[in-house]
Amino acid sequence: MAPERSLVTVEELAPHLDDPSWAIFDCRFDLTRPDWGEEAYIQAHIPGALYAHLDRDLSAEPTGINGRHPLPSGDVLAALFSRLGISDETQVVAYDDKGGPYAARLWWSLRYLGHAAAAVLDGGLQAWQEAGLPTSAGRESRPAARFTPRPRPGMRVSVDEVLTHLGDPRWLLLDARAPERYRGEQEPYDPVAGHIPGARNRFWKDNLDARGRFLPPEELRRQFEALLQGASASDLVVYCGSGVTACHYLLALEAAGLEGARLYPGSWSEWCSDPRRPIATGPEP
């Protein structure tokens, strides 16, 4: 398997359970029950997997104005990856049980720091269990390793950059949240409903089939090219509620062979924290 591969199958992962050059991470999480994922991990997980907690490991401390899941600094992430036993040569495979959004946050964070050998398990824990493969209980560990960060700042944009480029045809904003949240009809997590003006909408779950697997690359590419309407993937900036499910979108784009899209990590939860920033509601124009 080429290290740049963004998705792996159960069949590709299974032979590497005892391979020390591979590291598996369970990223299960529930926004309404932050402790649930770790509890589920302790009960049953893919053998050898360590747990990566969205709030504790993959997010910085929220301040009320930097989003619900702020991206940690590069140094903090590098220290985490070293502590989790990820060296520069380690092939990382992350999974969850929701189709991949939380696993994609770990995948993107590694790619952001220049670690190409990172992938998400297509179908997650369900695919593993449906294949009749074993699980383990309790906690697991790996020896610490040396992770060398090589940040790629061009993969992300700041809130000020988004604000500056509102209305710029060279910037295509994409909102990955459910359509009813985009339209401002519902907002279960943030204090203000709506979307960033000018953003288009396509739900991140549309990247998946009925079984929770990613659509075939050629189908994803067809849908994304229709969305881009002749624009390049490098013109695309993706956001969601807090910078998590947007990573799923970036994973799907890469799986489709469309590279260069960027993440707005603060996403809607950061944008709407300042009443001076404009807000739109309703369907796309």
Item to check | Tabulated pairs, segment 146-174, first farther than 27 Å from Ala23 by Cα, second among the β-branched types (Val, Ile, Thr) and assigned to a helix (DSSP H, G or I), C-beta under 9 angstrom, 6+ apart or interchain | outcome: Trp171/Val162; Leu173/Val162
Checklist outcome for this item: The residue from Gln91, Gln129 that alone is crowded, with 19+ Cβ neighbours inside 10 Å, of a type in the set (S, T, N, Q) and more than 24 Å from Arg202 (Cβ to Cβ) is Gln91
Item to check | segment 248-263, residues that are touching a Ser or Thr at 6+ places or on another chain (Cβ under 8 Å) and buried (at least 24 other Cβ atoms within 10 Å of the Cβ) | outcome: Leu251
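Per-residue answers, yes or no, for (1) surrounded by fewer than 18 Cβ atoms within 10 Å (Cβ to Cβ); (2) among the hydrophobic types (A, V, I, L, M, F, W, C); (3) over 18 Å from the mean Cα position of the chain (by Cα); (4) outside the structural domain of Arg213 (by TED's automatic domain parsing):
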{"site": "Leu13", "(1), (2), (3), (4)": "no, yes, yes, yes"}
{"site": "Leu17", "(1), (2), (3), (4)": "yes, yes, yes, yes"}
{"site": "Pro20", "(1), (2), (3), (4)": "yes, no, yes, yes"}
{"site": "Arg33", "(1), (2), (3), (4)": "yes, no, yes, yes"}
{"site": "Ile65", "(1), (2), (3), (4)": "yes, yes, yes, yes"}
Item to check | Selection status of Leu258, in a helix (DSSP H, G or I) and either in contact (Cβ under 8 Å) with a residue 24 or more places away in the chain or farther than 24 Å from Arg152 by Cβ (or both) | outcome: no
Checklist entry - Just for segment 155-197: of the residues that are of a type in the set (D, E, K, R), farther than 18 Å from Pro283 by Cα and part of a loop (DSSP other than H, G, I, E, B), which one is modelled with the lowest pLDDT? => result Arg170
Checklist outcome for this item: Inside segment 129-154, the number of residues satisfying the requirement of being outside any loop (DSSP other than H, G, I, E, B) and closer than 24 Å to Ala44 by Cβ is 3
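The values are calculated or read from the model by the stated rules, or taken from the named source; none is laboratory data. Keep in mind that what you see is a predicted model, and the values were worked out from it rather than measured. Cβ sites come from the backbone with ideal geometry, for glycine too, and all protein chains shown count toward neighbours.
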